[in-house]
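Worksheet: the structure to be examined is printed underneath.
Each value in this text was obtained by applying a stated rule to the coordinates, not by laboratory testing. Please read all numbers here as calculations on a predicted model, not as lab measurements. Every residue, glycine among them, receives a Cβ derived from its backbone with ideal geometry; neighbour counts consider all protein chains shown.
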């Protein structure tokens, strides 16, 4: 099989392989029902991981160029709708590359793509995203909520709804926020498709190309990609054990006049830190002084399992300058794609308009199911379960790191949330550790994915929340073994 794989290319390896095989099929070098090489044999030939070949074969199946038979292998399906040369001409007649947005050509999403590749590599133990199957999700209770909605609201839940979202869900969120001293009405809340859409909508509303935005450094990769796509000038403020170093903020506000400050004050992603109370008060005070909005990403303040509750930035907001973002992705499951934005009416109105331009509305059916889930008291019970469970998993992770990682390893132990940020000795080739651990079925996130600059080469983010305790111990043991192998080796 004559296929060239460029390991330095920004195009994922499995995509390169899929396209290479597809071209051979189109050119007739593979006939209908021909057997493709075994995944192991092809991986050895090309010097790539077997999981990459598996992903390529699955992609070929999805596009109709192959089919698999358990125990026998993968076989070619030749497109018979037109001759091979016509098929090639059809795909080569129009040069789409000249018509793509310049913003897309910059490969801005490479960092997010790397995260997704980690998860799509058929890993057994993932410290990146949620484990398959969502063992902590109360499926039966959610099923009962869905059944109730189908019985009582089936005449309305499958239609379009207001861009703002289901009034019942917005009322529940409003009441929940009032318990946190955020006094807003349902009309101050916009339901969106997860926190990522919230970040994107706010960025589109506030940013013009070249505008400055302040973030913590490191920060959530999805926010970095969104703001880079919008051609913003991103200014990072370093962090310590207590969150953003707010004493550095005023000078940046004076010099750069950013359009807004993006921050994750509680159980920060990726570091797990929680911004100290005096810093929360200071950042809100500075924003008010210089008339600069704050975008508060609050993915997990409900997941605190130790230490005192700290006020949301929105609770400290007396002038309406804080835009608050929340999501169900971390407390239920990400596939529901439901989040929310809390802001003043003069912000919610244009955000709703942008939302309509984007996708009209978030699924009313899913919103109604979540509303019923709340109404039955299931959410409160579920949150209590998650906090107990996550605390145990964090302890298992900490114990495993102390046992299997180098003594010089440091980390900031969070009081909640879902992430642990680990710093290894600088001489360890973490890229090689990542690659070797992935081959053994264990995935983690490299710290460099979350920085604006080249930092993080000896840091990793471990998502412990959705990994069972025995798997945590096994996964950390494997990573620890790979760290030991790579100790003293130079970074590739």
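Assorted remarks:
- Of all DSSP bridge pairs formed entirely within the chain, close to 60 percent run antiparallel.
- Here the extension length gained between residue 68 and residue 380 equals 107.8 nm, from 0.36 nm per residue of separation less the Cα-Cα distance.
- Residue 410-residue 255 pseudo-label distance in nm [points 7 Å out on the Cα-to-Cβ vector]: 2.5 nm
- Per-residue [θ]222 nm for the chain (sum of -39500 (n - 2.57) over DSSP H runs n ≥ 4, rounded to 500): -13500 deg cm²/dmol
- Seen against the Cα atoms of the chain and their longest principal axis, helix 277-290 is set at about 80 degrees.
- Relative to the longest principal axis of the Cα atoms of the chain, helix 469-486 runs at roughly 60 degrees.
- Over the stretch 198-271 - Rg/Rh using Cα atoms and the Kirkwood inverse-distance radius: 0.95
- Additional length obtainable on full extension of the chain from residue 455 to residue 139, 0.36 nm per residue less Cα span: 109.7 nm
- Highest average packing first - 167-179, 38-50, Cβ atoms within 10 Å: 167-179, 38-50
- The per residue volume of the convex hull around the alpha-carbon atoms of the stretch 144-376 is 117 Å³.
- Sorting 379, 244 from the fewest to the most surrounding beta carbons within 10 angstrom yields 379, 244.
- Placing R0 at 25 angstrom, the Cβ-Cβ distance between residue 285 and residue 179 gives a FRET efficiency of 0.55 after rounding to 0.05.
- Taking label points 7 Å from Cα along the Cα-to-Cβ direction, residue 319 and residue 159 give a separation of 4.3 nm.
- Protection proxy ranking of 295-302, 469-476 - average other beta-carbon atoms within 10 Å, highest first: 295-302, 469-476
- Ascending count of other beta-carbon atoms within 10 Å, so fewest first, for 145, 266: 145, 266
- Which of 245, 7 has the fewest Cβ neighbours within 10 Å, and the rest in rising order: 7, 245
- Per the Debye formula on identical point scatterers at the alpha carbon atoms of the chain, with no solvent, log10 I(q)/I(0) at q = 0.08, 0.13 Å⁻¹ is -0.57, -1.36.
- For the chain, the longest principal axis of the C-alpha atoms and the axis of helix 13-26 are separated by about 40°.
- R0 of 30 Å, Cβ-Cβ distance residue 487-residue 398: FRET efficiency to nearest 0.05: 0.90
- For the stretch 273-394, averaging the sequence separation of C-alpha pairs within contact (under 8 Å, six or more residues apart) and dividing by the residue count gives a relative contact order of 22 percent.
- FRET efficiency for residue 61 and residue 359, using Cβ-Cβ distance with R0 set to 30 Å, rounded to 0.05: 0.55
- Each label point was placed 7 Å from the Cα along the Cα-to-Cβ direction; for residue 171 and residue 31 their separation is 6.9 nm.
- The stretch between residue 426 and residue 388, if pulled fully straight at 0.36 nm per residue, gains 10.3 nm over its current Cα-Cα span.
- Across the chain, Cα pairs under 8 Å and at least six residues apart give a relative contact order of 17 percent.
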